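Asker: Got a structure for you, written out below as structure tokens; questions coming shortly.
The values are calculated or read from the model by the stated rules, or taken from the named source; none is laboratory data. Worth saying up front: this structure is predicted, and the values here are computed from it rather than measured. Here the Cβ is made from the backbone with ideal geometry for all residues, glycine too, and neighbour counts use every protein chain on show. Surface accessibility is based on the protein's heavy atoms, side chains included, excluding ligands, DNA and RNA. Shrake-Rupley method; radii C 1.70, N 1.55, O 1.52, S 1.80 Å.
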Amino acid sequence: MNILAIESSCDETAAAVVENGRNVISSVVASQVEEHKLYGGVVPEIASRRHAEAIVPIVRQALEEANISLDGIDAIAVTYAPGLIGALLVGVNFAKGLSLSSGIPLVPTHHLRSHIASNYISNPDLKPPFLCLVVSGGHSHIVMVEDYTKMKIIGKTRDDAAGEAFDKAARTMGMSYPGGIELDKVAESGDHFAFKLPRPVVHDAPYDFSFSGLKTAVINLIHNSAQKGIELNKPDVCASFRYAVVDCLVTNFLKAAEDYRVNKLVIAGGVSANSLLRKTLREKCDERGYEFYMPDKSLCGDNAAMVGSQGYYEFLSGNIAGTDLNAYATMSIE
Ligand code: KG4
Ligand code: ZN
């Protein structure tokens, strides 16, 4: 079964053709990041306009690269939540029009569920149930994936998402949007014990995260030093901050695994590309004898292949939308 998948929730216009949820036949991603860099973050109206321009050529390219026509497509999966509403509406309306004119069923797909599904592509043997740490620019969740379309949130951030904290710390150090990737690279040559940063905990909620205090601590460190004319070693600041964020993520994730007696752990979302997070969890899971899965780095960020994977399982579970499908800026993964 072939799914044509469409993604437009933030600043990537993407389309893909995926066979049986696991085999990516084509995947095209048009990133707008260079334009948003000029403003230090995603400008929603610009994002919507660029999606409107890109959606037709990108979908056409995905079909051409798959060497398939609409006759060979069994369902159209589209990201309908969560994300920037104007951006989501471009993909949703395009997919609705295509579904209506072709008679191909339309499958609404949740963006974070799709991030989790990127693992089904990279790890062909992976099947639920498992515990997943979903860490992106907008979300930080620990999710019990009971089945492909049945999930329960075990913990989540009370304030900033991990990616957001990485980006804001990076911006304070003069790195361009989205700085999380560059911060990770610069951290490689630093000493993560150089600066002592807090590990905020949420009382009575051991699986929840809080990153805003940690983010403020590193921003204060940078500003205070600048005011005193002290030049900080950038790699050391990056390494100390990355170590603190990863420590918070890993501690709560492993505690949840232990308490819920799950020995199959998975990570997903843009921040799952973080080198220290991948390395630390690999080691900790090996020590404990847990199975550990992560998406290929190329599938951690936003793409449509993951939408095609999750869309397949949504279709099998009967999740088909009518022509009244809407987009939603927020929606629980559950
Ligand atoms: O999942 P994603 O592509 O978009 C959302 O759905 O939000 O995640 C983007 C986030 C950004 O905050 C970006 O800085 C972060 O993922 N990110 C990283 C790394 N690569 C991407 N953060 C830390 N280390 C990385 N290597
Ligand atoms: Zn995403």
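Asker: Given ASN119, ASN123, which one is within 19 Å of GLU291 (Cβ to Cβ) and crowded, with 23+ Cβ neighbours inside 10 Å?
Answerer: Exactly one residue qualifies, and that residue is ASN119.
Asker: Conditions: (1) part of a helix (DSSP H, G or I); (2) over 19 Å from ILE320 (Cβ atoms); (3) more than 16 Å from ligand 1 (Cβ to nearest atom). LEU112 meets all but one. Number of the miss?
Answerer: Evaluating LEU112 over (1) part of a helix (DSSP H, G or I); (2) over 19 Å from ILE320 (Cβ atoms); (3) more than 16 Å from ligand 1 (Cβ to nearest atom) leaves (3) as the failure.
Asker: If you take the residues of segment 93-105 that are surrounded by fewer than 24 Cβ atoms within 10 Å (Cβ to Cβ) and under 16 Å from ALA15 (Cβ atoms), which of them is farthest from ligand 1 (Cβ to nearest atom)?
Answerer: SER102
Asker: In addition: Exactly one condition in (1) over 27 Å from MET151 (Cα atoms); (2) surrounded by fewer than 24 Cβ atoms within 10 Å (Cβ to Cβ) is false for ASN2; which is it?
Answerer: Only one criterion in (1) over 27 Å from MET151 (Cα atoms); (2) surrounded by fewer than 24 Cβ atoms within 10 Å (Cβ to Cβ) is unmet by ASN2, namely (1).
Asker: Scan ALA165, ALA169, ALA161, ALA194 and give me the residue that is within 20 Å of HIS141 (Cβ to Cβ), small (Gly, Ala, Ser) and out of contact with any strand residue (DSSP E or B) (no Cβ under 7 Å at 6 or more places or on another chain).
Answerer: Just one listed residue meets the conditions, ALA165.
Asker: Could I ask something else about it? Determine the pairs where a residue that is free of Cβ contacts under 8 Å to residues at least 12 places away in the same chain and open to solvent by less than 30 Å² (accessible area, probe 1.4 Å), located within segment 169-182, has a partner that is not in a loop (DSSP other than H, G, I, E, B) and not hydroxyl-bearing (Ser, Thr, Tyr) with Cβ atoms under 6 Å apart, the partner being 6 or more residues away or on another chain.
Answerer: That search, which allows pairs on different chains as well, returns MET175/GLU182.
Asker: Here's something else I'd like to know. All but one of (1) of a type in the set (S, T, N, Q); (2) within 15 Å of ligand 2 (Cβ to nearest atom); (3) open to solvent by 20 Å² or more (accessible area, probe 1.4 Å) hold for THR79; state the number of the condition that does not hold.
Answerer: Every condition holds for THR79 apart from (3).
Asker: So, of the residues in segment 34-50 that are more than 14 Å from SER9 (Cβ to Cβ) and among the hydrophobic types (A, V, I, L, M, F, W, C), which turns out to be farthest from the chain's Cα centre (by Cα)?
Answerer: In this case the residue turns out to be LEU38.
Asker: Check whether at least one residue in segment 253-267 is at pLDDT 95 or above, surrounded by 14 or more Cβ atoms within 10 Å (Cβ to Cβ) and more than 18 Å from PRO129 (Cα to Cα), and report yes or no.
Answerer: No, there is no match, as no residue in segment 253-267 is at pLDDT 95 or above, surrounded by 14 or more Cβ atoms within 10 Å (Cβ to Cβ) and more than 18 Å from PRO129 (Cα to Cα).
Asker: Within segment 311-327, does at least one residue satisfy the condition of being closer than 21 Å to SER210 by Cα and away from ligand 2 (no atom under 16 Å from the Cβ)?
Answerer: For segment 311-327, residues closer than 21 Å to SER210 by Cα and away from ligand 2 (no atom under 16 Å from the Cβ): absent.
Asker: Applying the selection to segment 82-92, what residues are under 13 Å from ALA14 (Cβ atoms) and open to solvent by 10 Å² or more (accessible area, probe 1.4 Å)?
Answerer: Hits for segment 82-92 are GLY83, VAL90.
Asker: Continuing with this model, one more query. Provide a single number: the residues in segment 158-186 that are more than 6 Å from ligand 1 (Cβ to nearest atom), farther than 12 Å from GLY41 by Cα and of a type in the set (D, E, K, R).
Answerer: 5
Asker: Does segment 323-333 include one or more residues that are among the β-branched types (Val, Ile, Thr), assigned to a loop (DSSP other than H, G, I, E, B), buried (at least 17 other Cβ atoms within 10 Å of the Cβ) and within 15 Å of ligand 1 (Cβ to nearest atom)?
Answerer: For segment 323-333, residues among the β-branched types (Val, Ile, Thr), assigned to a loop (DSSP other than H, G, I, E, B), buried (at least 17 other Cβ atoms within 10 Å of the Cβ) and within 15 Å of ligand 1 (Cβ to nearest atom): present.
To keep it simple, each residue is scored yes or no on (1) in contact with a Leu (Cβ under 6 Å, 6 or more places away or on another chain); (2) at pLDDT 95 or above; (3) open to solvent by less than 40 Å² (accessible area, probe 1.4 Å).
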{"site": "ALA217", "(1), (2), (3)": "yes, yes, yes"}
{"site": "GLU231", "(1), (2), (3)": "no, no, no"}
{"site": "ASP247", "(1), (2), (3)": "no, yes, no"}
{"site": "GLY269", "(1), (2), (3)": "no, yes, yes"}
{"site": "ARG278", "(1), (2), (3)": "no, yes, yes"}
{"site": "ARG282", "(1), (2), (3)": "no, yes, no"}
{"site": "ASP286", "(1), (2), (3)": "no, yes, no"}
{"site": "GLU291", "(1), (2), (3)": "no, yes, no"}
{"site": "ALA305", "(1), (2), (3)": "no, yes, yes"}
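Asker: For the condition within 19 Å of PHE209 (Cβ to Cβ) and either part of a loop (DSSP other than H, G, I, E, B) or at pLDDT 95 or above (or both), what is the one hit in ALA170, ALA194?
Answerer: After ruling out the rest, the residue left standing is ALA170.
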